[in-house]
Amino acid sequence: MRPGVQVRPAEPGDLPEIVDLCLVARAESTVGAQLCSNDRERLRQQIGTLLATPGGQVLVGTLDGRTSGLLLGRLVGPSPFTDEASLTLEALYVAPEARRRGLGHALLSGALELAAEAGASEVYAAPLPGARGMLRFFARLGFAPAAAYRVVSTSSLQRRLAGDSAGAPVVRRGAARGLEDLIARRRQVRAAARSETAEVRFVPPAASADQPRRSAMSMQVSRAVQTRRDSGSSTTTS
């Protein structure tokens, strides 16, 4: 650890400075509103709750006696789904003026000691959104992508679930009926096409069907001509 750099577990008296750091991190992030609240009192209560929660870990990093970095984490497991414990880093932040001084490495070293004491086999990290420098920092230390988080407020989720539950059956029935109608129309078109093809294929040609009628017309014309010839001949002779 470099001279002037110190990491230790947070104490209740550190809460105001930790809140200040959280607000600086919020302002730096491109999605600050999703990162944490801008209400100082609410932030203080949330961090205090993390400190009091079993497995909750808060480390502060100081540079030349000034609080300039923080690490928020939780020890998780063993659980019904895994036999192993792990350390999840909710936030790791170093103030801009204290960067490149080894404070980030010191905070991670402190987290590693916590993981070792708890028998945790893995350390998970959730870098601040938009913090490219932090992403590169984790990548250099061997952190690999494992999963991605999405966030929604409980009230918004409740409204969306209620809306889907109320509207889903109607939408599904309409979609199903529309699909059935489409299939039925296509079947009717295909059946009509097959019927027309069958009529063209099996009905005798028009010329063959009209042949008897044409023969009868020819006979009538012949009789008429013969009659005219006979009448004309008698007139001429007289």
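The values are calculated or read from the model by the stated rules, or taken from the named source; none is laboratory data. Owing to the predicted nature of the structure, the values given are computational and were not obtained by experimental measurement. Positions of Cβ are generated from backbone atoms using ideal geometry, with glycine treated the same way; all protein chains shown enter the neighbour counts. What goes into the accessible areas is simple: the full protein's heavy atoms, side chains included, and nothing from ligands, DNA or RNA. Shrake-Rupley method; radii C 1.70, N 1.55, O 1.52, S 1.80 Å.
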Legend entry - Equivalent ellipsoid dimensions for the stretch 5-140 as semi-axes, Å, which come from the Cα gyration tensor, largest first: 22, 17, 16
Inset, instruction - Quick one: order Ile183, Ile18 from most to least accessible surface, probe 1.4 Å. - result: Ile183, Ile18
Inset, instruction - Please work out how much length the chain gains when fully extended from Asp83 to Ala184, using 0.36 nm per residue of separation minus the C-alpha to C-alpha distance, in nm with one decimal. - result: 30.8 nm
Inset, instruction - For Thr154, tell me the accessible area in Å² from a 1.4 Å probe, rounded to the nearest 10. - result: 120 Å²
Legend entry - Heavy-atom accessible surface of the stretch 4-68: percent carbon and sulfur, 1.4 Å: 49 percent
Inset, instruction - Express the C-alpha Rg of the stretch 77-123 as a ratio against the empirical globular expectation 2.2 N^0.38 Å, rounded to two decimals. - result: 1.41
Inset, instruction - Give me the net charge of Arg101's neighbourhood, meaning all other residues with Cβ under 11 Å from the Cβ of Arg101; Lys, Arg count +1, Asp, Glu -1. - result: +1
Legend entry - List Val152, Val76, Val7, ordered by accessible area with a 1.4 Å probe, largest first: Val152, Val76, Val7
